[in-house]
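Here's the structure, in structure tokens; my notes come after.
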Ligand SMILES: NC(=O)C1=CN([C@@H]2O[C@H](COP(=O)(O)OP(=O)(O)OC[C@H]3O[C@@H](n4cnc5c(N)ncnc54)[C@H](OP(=O)(O)O)[C@@H]3O)[C@@H](O)[C@H]2O)C=CC1
Ligand SMILES: CC(=O)N[C@@H](CCC(=O)OP(=O)(O)O)C(=O)O
């Protein structure tokens, strides 16, 4: 895109939340994006600088309620949807209709060019919530409690794990960004399963997240006094990211995969670390796992396989779109230990969403995401 080209007109729904604010912070650096819409719920009507003083130097519209937005008049090119689960479905369905486009499954789509024609000129939607991540309606209902209210779009949505799904993301109209835990787990496990260097059984994901992963709304469990100087697991054998991780691993391998996944809340603001225990496939060693990961991510700007022996830590990625992975030989014969870190608010949500937007608009994937991690 040339400097003189029209800027991409972007809207951010849920801009008074953590991922919404992070989208604003990162997009402020984007040379081809103009933010023309910000929405909020309880904070609608306020200038964003009143809600987030750290964003005061940016020139931005005030926060407005989603149901007051006049979609066609805004001529948006892209909408980032950073709303809580279950609220995105109907809003996204409404946006696609209000901006003049129907649902793909109401059209005759027989080839990639039919699809390209069908979505030509449509606003593109990048959803950070879980609403369109699970492909199966029944699985969605089982884990999220309610019937899906836009199942036709659930089928169309592309899973937005950038490094492993670039081709589909590039062509997509609706991208469902992965959850923060699945991002770290899948970047590590998909290449290893696909290249058959690990066994599909006995995968254990021990995950830790900073408190911003739970969002900005008020919850007793997230008070300073509850969270500081302590840590605890939650969602044991019942966290909704298990089916999301299993869906994508099963797709990658072509066989059903199950994982043991236990998240923990740790007293830090942002960052996520997963320690993943795996079993080698017959005859494979730690060197095979390292070789697969190094080859997979050799040309990727944001995913790094750390040198042998270097231990990934959340400080190595804080505030950045980077993901650092390393693999270690276990002293228990036949097993390896992987460690992976991301920032939940960047690679785990808003950064990856912008990476996807760059792909969807034919831009350099790294635009507005170039900053190095913050240290300390
Ligand atoms: N936090 C994280 O690390 C990650 C979050 N996600 C997902 O991204 C989404 C946003 O998360 P996060 O930013 O943490 O959430 P927050 O709770 O921090 O923010 C939610 C935003 O949505 C608005 N909102 C709440 N309810 C409604 C509603 N009914 N209608 C319209 N707007 C509403 C809020 O407005 P107001 O403040 O004015 O009430 C706020 O702007 C969630 O689906 C989350 O699961 C995904 C990956 C990582
Ligand atoms: C610390 C914390 O509470 N984390 C959130 C995960 C946030 C996230 O990635 O994802 P979703 O979009 O799927 O909510 C949780 O466990 O529910």
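A few points about this structure:
- Our summary gives the chain a relative contact order of 16 percent, counting only alpha carbon pairs under 8 angstrom and 6 or more residues apart.
- With both labels modelled 7 Å from their Cα along Cα-to-Cβ, the residue 311 to residue 216 distance reads 3.4 nm.
- For the chain, the longest principal axis of the C-alpha atoms and the axis of helix 180-194 are separated by about 50°.
- Using alpha-carbon coordinates, inclination of helix 88-98 to the longest axis of the chain, degrees: 40 degrees
- Ordered by the number of other Cβ atoms lying within 10 Å of each residue's own Cβ, fewest first, 132, 302 fall into the sequence 302, 132.
- Length gained on full extension, residue 375 to residue 120: 87.5 nm, using 0.36 nm per residue less the C-alpha separation.
- The stretch between residue 300 and residue 251, if pulled fully straight at 0.36 nm per residue, gains 15.4 nm over its current Cα-Cα span.
- The long axis of helix 18-27 is offset from the longest Cα principal axis of the chain by roughly 80 degrees.
Read the figures in this text as sums done on the coordinates, not as results from a lab. Keep in mind that what you see is a predicted model, and the values were worked out from it rather than measured. Cβ: placed from backbone, ideal geometry, glycine included. Neighbour counts: every protein chain shown.
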